[in-house]
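Worksheet: one structure, shown below.
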Amino acid sequence: MSLDDNDEGDDETDEGIQPEQSAITGGETDGLDPDEAWMAETEDAVGVVDRFWRSHWNDHFTGAYQSPSVFGAYVAGTAEAPSCGGEPAAPQNAFYCPQGDFIAWDAALMRDGYAQGDSWVYLVVAHEWAHAVQRRVLGLRSVAAELQADCLAGATLFGSEDLVFEQGDGDELAQALAALADETPWTRSEDHGDAEQRTSAFSTGGSDGIGACLPD
Ligand SMILES: [Zn+2]
């Protein structure tokens, strides 16, 4: 998966479409190699996903779109890692924190996933962003909500005007959802649905868009 660089220049001139710097913030990157490619790609993913929702918000929802805050990467167990509702951020997790309206991810989860293919970081960001969307418009959390977040993630990534899909990206994403099932908090099937359900939800959103993920 790659950014459509040709269009990026145009986007710059499109008022209001640019995310108001929801860039990954510093501080929590202590102990990480700042040159790691996954970090740059994650930053790209944040921009892509934010732009997608900003562009499409009013196709489906009323009111103004508001981006969640992006805490970005943390190293679990360190003092800099964020907590949410009094719970410290877990290793191998990525989450949306409704209390703080921010998203965050364990550096190791992203690095390990990215090693299997760059689609991983897009998937994680799009999924957690979808939880922020849910909170804004639906306010529910359950396995059904997790699958809806996967559906919205599919709608985001396949609907994004910024991304160019390469041969095999669809398979890579499906494998990412399947391969890590049950291994990490982020992919535990009791919370998120099993690999087949997740892949199916993601594909539905990917082929049919946001509307297909919303209740009738
Ligand atoms: Zn989730």
* To do: Show me 195-207, 41-53 ranked by packing, highest mean number of other Cβ atoms within 10 Å first.
  => 41-53, 195-207
* Segments 123-132, 110-119, 73-82 sorted - mean Cβ within 10 Å per residue, highest first -> 123-132, 110-119, 73-82
* Structure fact -> Pseudo-spin-label distance E87 to E36, built 7 Å along Cα→Cβ, given in nm, is 2.3 nm
* To do: Whole number in Å², please: accessible area per residue of region 32-152, 1.4 Å probe, ligands, DNA and RNA not counted.
  => 38 Å²
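The values are calculated or read from the model by the stated rules, or taken from the named source; none is laboratory data. Values in this document were obtained by computation on a predicted structure and should not be read as measured data. A quick note on method: Cβ atoms are made from the backbone with ideal geometry, for glycine too, and the neighbour counts reach across all protein chains shown. Side chains are part of the model used for accessible areas, which takes the heavy atoms of the whole protein and leaves out ligands, DNA and RNA. Shrake-Rupley method; radii C 1.70, N 1.55, O 1.52, S 1.80 Å.
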